[in-house]
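Report on the structure given below.
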Amino acid sequence: MTSQDPKNSSPRGASTRRLHAGHDADSSQGFVNPPIVRGSTVLFPDTSTMRRRAQKYTYGLRGTPTISALEEVIDEMEGSHGTVLVPSGLAAVSLPLLAFLSSGDHCLVVDSVYGPTRLFCDTMLKRMGIETEYFDPAVGPGLANLMRPNTRVVFLEAPGSNTFEMMDVAEAASIARSGGAVSMLDNTWATPLHFRPLEHGVDLSIHALTKYPGGHSDLLMGSVSATRETFGRLRDAQMQLGINVSAEDAYMVFRGLKTMDLRINAHEASALTLARWLEQRADVARVLHPALPSFPGHELWRRQIGRSTGLFSFVLDGGGRTEAAAFLDALSLFGLGYSWGGFESLAVEVDLSDRRLATAPPEGPVIRLQVGLEDVADLQADLERGFAAVRALR
Ligand SMILES: *Cc1c(COP(=O)(O)O)cnc(C)c1O
């Protein structure tokens, strides 16, 4: 499929392109969706073709029509040269780090990064002789002073995990590039619908497809989308490690992407309703949502992303772990569970103890909400039960 309508020279819209990328019905006898192709061995017609590997599919690990269909849609969404699929969002973090770092290298990682990313850097990368240095998301142009001759990777996440700190992505990517480092950004929160990191100079865009693309809490998958210059090394690392995804799961994500914009619009609207309501409450100290004008990174968010999704946090006004537990245990619609991006609402207590860089301690426990697709009035009533339980302690 091309991005131009053959009967009309005007460019097609993003939704149209997403819906029609990755599969051409003519190639599967008219069926509108790609087939789920399982397989390891792919046969070659003769030795000459085999020696030259002169056909699109050569071995199951290297791809199948179902996997290619999903890779192509994600390329369309991210504006990338190529995408690789891996079995989890965390593997989409570790694969590019392994691909671009070697023993003796230095890696700069934003301090508000997803916790398991930090764990990977502090354990496996450390064991391999790679030094990770965490930087304040508010570092701005000061990032240039942290670059060393052996800095090979600058790892970004904006908004940051759980606390949503923003940073100027184009500025950081440009500093990385001038210093000869590759920049990577975990784009899971904004999704490529709201932010396309490669257009801001980032080399690799990372996504936990487990979240909104899957959208139904029934699978794990990750993707890494790369520029032309970085894709080869990324694909090589994937093949060296021998990882890919199942055709069934790839199909589920391909399906999820069809309605992802509609779901995200609903998550965004309900989350904003609840965030604004929480902000008015006396028992809430602060709401950490980049789309609220009261949020410190709001201006940067407005210029850079301008849209939001269904995940944000708030700080209870006072109290500690007892109050957090009372609040969470009183909820009946918001489930207590990890991950997010599915249809159902979730709440968790945020642990900030692994942050390295001094930020003002929060006024009370930090609660993160994944706002699902339930009726927003029901979600609000559920949160009211949480606040009542905290009041009952006082
Ligand atoms: C959830 C998440 C991941 C990891 O995804 P999994 O599929 O659960 O491994 C990576 N980055 C961010 C920002 C996430 O929220």
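The values are calculated or read from the model by the stated rules, or taken from the named source; none is laboratory data. Since we're looking at a predicted model, the values are computed, not measured. With ideal geometry, Cβ positions are generated from the backbone for all residues, glycine too; neighbour counts draw on all protein chains shown. What goes into the accessible areas is simple: the full protein's heavy atoms, side chains included, and nothing from ligands, DNA or RNA. Shrake-Rupley method; radii C 1.70, N 1.55, O 1.52, S 1.80 Å.
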Just to be sure I understand, how many residues within segment 365-394 are outside any helix (DSSP H, G or I) and either open to solvent by 60 Å² or more (accessible area, probe 1.4 Å) or modelled with pLDDT under 95 (or both)? 4
Only one of D351, D317, D329, D375 is charged (D, E, K, R) and touching a Gly at 6+ places or on another chain (Cβ under 6 Å); which? D317
Between a residue in segment 80-103 that is at negative phi and any residue that is at pLDDT below 95, which pairs come within a Cβ distance under 6 Å, given they are 6 or more apart or on different chains? none
Restricting segment 19-43 to residues that are open to solvent by 90 Å² or more (accessible area, probe 1.4 Å) and β-branched (V, I, T), the residue that is farthest from M252 (Cα to Cα): T41
Filter segment 323-344 down to residues that are away from the ligand (no atom under 16 Å from the Cβ) and either touching a Lys or Arg at 6+ places or on another chain (Cβ under 7 Å) or polar (S, T, N, Q) (or both), then give me how many there are. 3
Reported set for segment 81-97 where residues are more than 15 Å from the chain's Cα centre (by Cα) and crowded, with 20+ Cβ neighbours inside 10 Å is L97
Residues of segment 166-221 classified as part of a helix (DSSP H, G or I), away from the ligand (no atom under 16 Å from the Cβ), in contact (Cβ under 8 Å) with a residue 60 or more places away in the chain and among the β-branched types (V, I, T), total: 0
Among A324, A291, A282, which is part of a helix (DSSP H, G or I), touching a residue at least 12 places away in the same chain (Cβ under 8 Å) and of a type outside the set (D, E, K, R)? A324
Test for I243: is it within 16 Å of the ligand (Cβ to nearest atom), in contact with a strand residue (DSSP E or B) (Cβ under 7 Å, 6 or more places away or on another chain) and assigned to a loop (DSSP other than H, G, I, E, B): yes
Single condition R196 does not satisfy, out of (1) over 14 Å from the mean Cα position of the chain (by Cα); (2) of a type in the set (K, R); (3) within 27 Å of G310 (Cα to Cα): (1)
Taking the stated definitions as given, is G318 more than 16 Å from A347 (Cα to Cα), at pLDDT below 95 and surrounded by fewer than 19 Cβ atoms within 10 Å (Cβ to Cβ)? yes
Index of the failed condition, G342 passing every other in (1) part of a loop (DSSP other than H, G, I, E, B); (2) open to solvent by 30 Å² or more (accessible area, probe 1.4 Å): (2)
In this structure, is A226 crowded, with 22+ Cβ neighbours inside 10 Å and under 13 Å from F100 (Cα atoms)? yes
Elements of type helices (runs of 4 or more DSSP H) contained in segment 38-151, each with 2 or more residues being assigned by TED's automatic domain parsing to the domain that holds S225 and more than 16 Å from the ligand (Cβ to nearest atom): 47-52, 65-78, 89-100, 143-146
